[in-house]
Every structure is written in C-alpha cells, then in structure tokens.
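The next block holds one structure in the form of structure tokens; read it before the comments.
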C-alpha cells in the first residue's frame, strides 16, 4: 500500500509560465497539458486563471500576482508590528509597576 505525500510540489515561476504558454499556444485542454507535464489539472488551471488576471483579462477586483505578493508582505509586516506593540506595552507596564 503506497502513501501519498502531504507536501505539494513547488514549481518555479518560469516553469508555470511555460506551462501556461503551452496551454495557450497548443489549443489543447488544460487536462491534456497537465497530464503531459505530470502536474495537477487544478494546479495548472489555477496558473492559467492567474495568468489571465495578470494580463488584465480577469474579473473586476481580482488581484494580480504582484498585488497578492504585496498584500502578503503588508499582512506579515502588520503582524510583526502588532507583536512589537504588545511587547512594548508589556515592558511599559512592567517598568511602570517598578517605578511605584
């Protein structure tokens, strides 16, 4: 009995771009190209969808790859700043108690 790995494969941006270009230029279905490349059909379908959004052909309000990366960076920065604020508050409370 074989076990499936719970870790997903990571593909380079160049590999994803080439796979999307193959779908667009070949006229074949996403499923056919995915099978040929050995990638998941849903994964390739997502890459194709994101490429359309990045080209400005997606639905209104859909985030481009650059916007998604920026949002992720800003959320991480916000979390770090919130942690810093909490540490400073605790430090202030500690020293305020010591000064009494």
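The values are calculated or read from the model by the stated rules, or taken from the named source; none is laboratory data. In this text the structure is predicted, and so the values were computed from the model without any measurement. Virtual Cβ from ideal backbone geometry, glycine too; neighbours counted across all protein chains shown.
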- [ ] Identify the residue in segment 27-60 that is closer than 18 Å to residue 13 by Cα and loosely packed, with under 12 Cβ neighbours inside 10 Å and, among all such residues, is farthest from the chain's Cα centre (by Cα).
- [x] 38
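Output the residues belonging to segment 2-20 that are assigned to a helix (DSSP H, G or I) and at pLDDT below 95.
Residue satisfying the conditions is 13 alone.
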Task: Residue that is nearest to residue 49 (Cα to Cα) [pool: residues in segment 61-76 that are modelled with pLDDT of 95 or more and surrounded by fewer than 12 Cβ atoms within 10 Å (Cβ to Cβ)] - done: 66
